[in-house]
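Engineer: Let me begin by handing over the structure; questions about it come next.
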Amino acid sequence: MWMERIKIMLATAFGLGLAPVAPGTVATLFGVALHLAIVWSVPVAQQRAALIVALIIVSIVHFWLTPWAQKRWQDSDPGNFVLDEVAGYLVVPIFIQTGPLWFIATAGFFLFRILDIIKIPPARQIDQQMHGGWGILLDDLVSGIYAVGVILLIYHFFPSLTA
């Protein structure tokens with residue numbers, strides 16, 4: 001019974017994925033909190049490495065729990081299983097490390113969620129055609145990469161934001 005509770009806790013990003021409305025969006029806040037915790041506790045020179053390690057750990061736990069989550073919630077991509085959203089958000093601070101922290105976290109959160117919801121190709125095709133752990137995770141990673149691209153465009157057109 002305790003192992004089931006641990007799995008639920010991990011799969012739902014410590015319960016955030018159980019939110020009655022927009023569980024993926026709410027759970028993305030765990031990714032933001034993880035990002036901020038790393039920035040505030042890890043020396044600057046090691047922050048990117050720490051964020052990559054966090055992404056790898058979240059992804060490993062995601063793959064470990066995918067079959068269990070699909071069976072538990074009887075869905076091929078359960079809405080309460082939100083580690084993919086956490087991983088997708090973490091792509092942003094891995095690639096964007098210049099500029100005000102508040103901007104990176106806020107823009108990263110909103111852009112990632114918007115792009116993950118609308119699923120610009122190939123994210124849409126990945127979501128529709130791939131199944132299992134990779135199908136659930138990869139479209140979010142692609143949306144995270146798109147969010148990075150939008151932030152880089154914002155920085156290009158509004159360079160004062162990188163100060």
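Engineer: What length, rounded to one decimal in nm, is gained on full extension from Trp68 through to Ala33, with 0.36 nm per residue of separation minus their alpha-carbon distance?
Structural biologist: Contour length minus the Cα-Cα distance gives 10.0 nm.
Engineer: Would you mind giving the average projected area, over all directions, of the Cα convex hull of region 2-162 in nm² with one decimal?
Structural biologist: Directional mean of the projected Cα hull area for region 2-162 stands at 9.5 nm².
Engineer: Determine the principal axes of the Cα atoms in region 1-96, then give the extent along each, sorted from largest to smallest and rounded to whole angstroms.
Structural biologist: 43, 26, 22
Engineer: Explain nothing, just compute: Karplus ³J(HN,Hα) = 6.51 cos²θ - 1.76 cosθ + 1.60, θ = phi - 60°, for every residue of region 81-97 in order, whole Hz, x for Gly and Pro.
Structural biologist: 8, 10, 5, 5, 5, 4, 5, x, 4, 4, 4, 4, x, 5, 9, 10, 10
Engineer: Tell me, what ³J(HN,Hα) does each residue in region 139-151 have, in order and in whole Hz, if you take phi through Karplus 6.51 cos²θ - 1.76 cosθ + 1.60 with θ = phi - 60° and put x for Gly and Pro?
Structural biologist: Going residue by residue, I get 5, 6, 5, 5, 5, x, 5, 4, 4, 4, x, 5, 5 Hz, with x marking Gly and Pro.
Engineer: Then there's this: So if we plug the beta-carbon distance of Asp77 and Leu161 into 1/(1 + (r/R0)^6) with R0 = 25 Å, what FRET efficiency do we get, rounded to 0.05?
Structural biologist: With a Förster radius of 25 Å, E is 0.10.
Engineer: Calculate, axis by axis, the spread of Cα positions in region 75-120 along the three principal axes, and write the results as whole Å, longest axis first.
Structural biologist: That works out to 40, 18, 15 Å along the principal axes.
Engineer: Continuing with the same structure: Estimate the FRET efficiency between Val53 and Gln97 by the formula 1/(1 + (r/R0)^6), using the beta-carbon distance for r and 22 Å for R0, to the nearest 0.05.
Structural biologist: Step by step, r from the Cβ atoms, then E = 0.90.
Engineer: If you build a Gaussian network model of the chain, linking Cα atoms that sit under 10 Å apart, which residue out of Gly99, Gly79, Gly144 swings the most?
Structural biologist: Gly99
Engineer: Per residue of region 39-54, in order, report the coupling 6.51 cos²θ - 1.76 cosθ + 1.60 (Karplus, θ = phi - 60°) as ³J(HN,Hα) in whole Hz, putting x for Gly and Pro.
Structural biologist: 4, 7, 10, 10, x, 3, 5, 10, 5, 4, 4, 5, 5, 5, 4, 4
Engineer: Here's another thing I want to ask about it. Report the label-to-label distance for Lys7 and Ile114 in nanometres (one decimal), using points 7 Å from each Cα along the Cα→Cβ vector.
Structural biologist: My value for the distance between the label points is 3.8 nm.
Engineer: Which order results if Trp2, Trp64 are arranged by neighbouring Cβ count within 10 Å, fewest first?
Structural biologist: In order of increasing Cβ crowding within 10 Å: Trp2, Trp64.
Engineer: Still on this model: For the chain, set up a Gaussian network in which alpha carbons nearer than 10 Å are linked by springs, and say which option among Ile118, Ile96, Ile52 fluctuates the most.
Structural biologist: Ile118
Only the coordinates and a few stated rules stand behind these numbers; no lab work does. This one's a predicted model, so the numbers in the text were calculated from it and none came from an experiment. So basically every Cβ, Gly included, is an ideal-geometry build from the backbone, and we count neighbours across all protein chains shown.
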